[in-house]
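Structure, as structure tokens:
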Amino acid sequence: MSIPELDARSLISAKDKAHVRQVHDHLRNHGALKVKLGFLDPDSDYLRQIVLGLHEHHGHGLPSTHSSTRGWFWDVRPQPETIQHRAISETMGDFPWHTDSCYETAPAKFFALHVLQHDRCGGGTLSLLNVERLLRSISPWAKQALSEPEFRIAVPPEFSKGDQRSFIGRLLSTDEQGQHGRLRFRDDLLTPLTPRANAAYCELMHTFAQQKKTQVQNLTSELLPRGSIILMDNGRWLHSRNHVRDAGRHLRRVRWDARPFQKPLSLLAQV
Ligand SMILES: [Fe+2]
């Protein structure tokens, strides 16, 4: 299952309804796409306009604002070790497999990364694993157990709001049509709270370990160079990042369409 790719020759593409529809269709059908920008875009105007177009024409929710100075965008680049409570994305270390903002009760449905500077030293590879394929190898009872709110989900200190250190939730849901399974995942934050949740989690991790051997897509700097954007359905792909070797690596991230992680629809056994 390769990631589709679109060209955007100029900023005008982002306002072209047919182009925005292609972005929407690829996100719906594949849960991911790459865009190759044919122009310089240091302020990520293309991405901002695409997210607005997806909102205006295809019902996507808008991003939440990170802060009054950063707006929708978050610059992902290595931060000095002296800063307390750095997010893992701001370190140069490996970032293990996860879905973004899984520690939110309403995680973002989508996220995108604009590569302003790829890692020029061979590190910082983004790896992807398809959730639909993963779920096909998991038993119906385990999928049912993963969709029950029987897991403690810890909130990392750097993202904690107020006193909330964790909450209880499910790991598996579906999209609104019940066609695609959606996973919430980051192993170091999850604790199964019942025997069936524990057994289902073991099955998930066993299957995941098997698929990591053969099903991972590695988006090296050659495949995702400066001037490219990857847009992802956050629940339909797991992603990870290996060690960053270039301190100048610089991505810009936006997450949008935050939604509660609902009880899945009845088609779950088939996803
Ligand atoms: Fe991530």
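The values are calculated or read from the model by the stated rules, or taken from the named source; none is laboratory data. No experiment lies behind these values; they were computed from the predicted model shown. In this analysis, Cβ positions are derived from the backbone assuming ideal geometry, glycine residues included, and neighbour counts consider all displayed protein chains.
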Next on the checklist: Looking only at residues that are assigned to a loop (DSSP other than H, G, I, E, B), surrounded by 12 or more Cβ atoms within 10 Å (Cβ to Cβ) and not charged (D, E, K, R) in the stretch 165-196, which one is modelled with the lowest pLDDT?
Outcome noted: Gly178
Next on the checklist: Anything in the stretch 197-239 that is in contact with a Pro (Cβ under 6 Å, 6 or more places away or on another chain) and crowded, with 20+ Cβ neighbours inside 10 Å? List them, or say none.
Outcome noted: Tyr201
Next on the checklist: Quick test of your reading of the structure: Leu238 fulfils all but one of (1) within 23 Å of Ser44 (Cα to Cα); (2) part of a strand (DSSP E or B). Name the failing condition by number.
Outcome noted: (1)
Checklist outcome for this item: Per the filter on the stretch 223-248, residues at pLDDT 95 or above and more than 15 Å from the chain's Cα centre (by Cα) are Leu223, Leu224, Pro225, Arg226, Gly227, Ser228
Checklist entry - When residues of the stretch 208-233 are filtered for being closer than 16 Å to Lys34 by Cβ and either of a type outside the set (D, E, K, R) or in contact (Cβ under 8 Å) with a residue 24 or more places away in the chain (or both), how many remain? => result 16
Checklist entry - Consider Thr220 against the criteria (1) farther than 26 Å from Ile153 by Cα; (2) within 16 Å of the ligand (Cβ to nearest atom): it satisfies all of them except one. Which criterion is unmet? => result (2)
